[in-house]
Amino acid sequence: MFDIQLFGRLEVRTRGIRLAGADFGGDRARHLLALLALRGERSLVELSDLMAVPATTVRDDLAVLRDRLEPGVRTRDSVITARRNRLSLAPDRVRVDVATFDELIRAASGRTAERAARPLTAAAYLATRPLLEDVDTPWAAEARAEYRAKLIMSAQPIRS
């Protein structure tokens, strides 16, 4: 199982190993992983647009990232799947903290303040650090604002 942390600095924990920073093989490979973990399945064209690089560069970064995440593992067995020029993370092999955050916010939705407190507290704990604080790109800034707003909006019923 790959546990991917996007709140704070991007980190991956798997099989007793922690990967962070340069462990991913460079900023572009790290950004590629962050985009897949944050936004789910994306085409090579979408990823190249977001990363402002040619699709061939995304493919090169993908090879580096796969090797860093799972050295010696064949492409077809990788946690990063590819179908029809669309990349995604294998959902049965990955846990992402933003997905957990979103589940907690959904669980609190529509509940009384008393019943919403526990999932909202857990979501707030996950989001104690800014999303992708070590990524300085427009798409990361947009995602930070989105998740900050989700947290603020989810707390509204509790205040009333």
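The values are calculated or read from the model by the stated rules, or taken from the named source; none is laboratory data. Since the model is a prediction, treat every value here as computed from it, not as a measurement. Neighbour counts are summed over all protein chains in view; Cβ atoms, including those assigned to glycine, are modelled from backbone coordinates with ideal geometry.
A few remarks follow.
- Single unsatisfied condition, D97 versus (1) under 25 Å from L33 (Cβ atoms); (2) more than 13 Å from the chain's Cα centre (by Cα); (3) surrounded by 18 or more Cβ atoms within 10 Å (Cβ to Cβ); (4) not aliphatic (A, V, I, L, M): (2)
- The residues listed here are D61, D102; of these, the one that is assigned to a helix (DSSP H, G or I), surrounded by fewer than 18 Cβ atoms within 10 Å (Cβ to Cβ) and in contact with a Lys or Arg (Cβ under 9 Å, 6 or more places away or on another chain) is D102.
- Residues that are of a type outside the set (S, T, N, Q) and either farther than 14 Å from R28 by Cβ or surrounded by fewer than 15 Cβ atoms within 10 Å (Cβ to Cβ) (or both) within the range 42-58 comprise R42, V45, E46, D49, A52, P54, listed in sequence order.
- Within the range 1-31, considering residues that are aliphatic (A, V, I, L, M) and part of a helix (DSSP H, G or I), the one nearest to W139 (Cα to Cα): A29
- The listed residue being in contact (Cβ under 8 Å) with a residue 40 or more places away in the chain, more than 13 Å from L33 (Cα to Cα), of a type in the set (D, E, K, R) and not assigned by TED's automatic domain parsing to the domain that holds I17, out of E133, E103, E146, E142: E133
- Check on A122, within 13 Å of V98 (Cα to Cα) and modelled with pLDDT of 90 or more: yes
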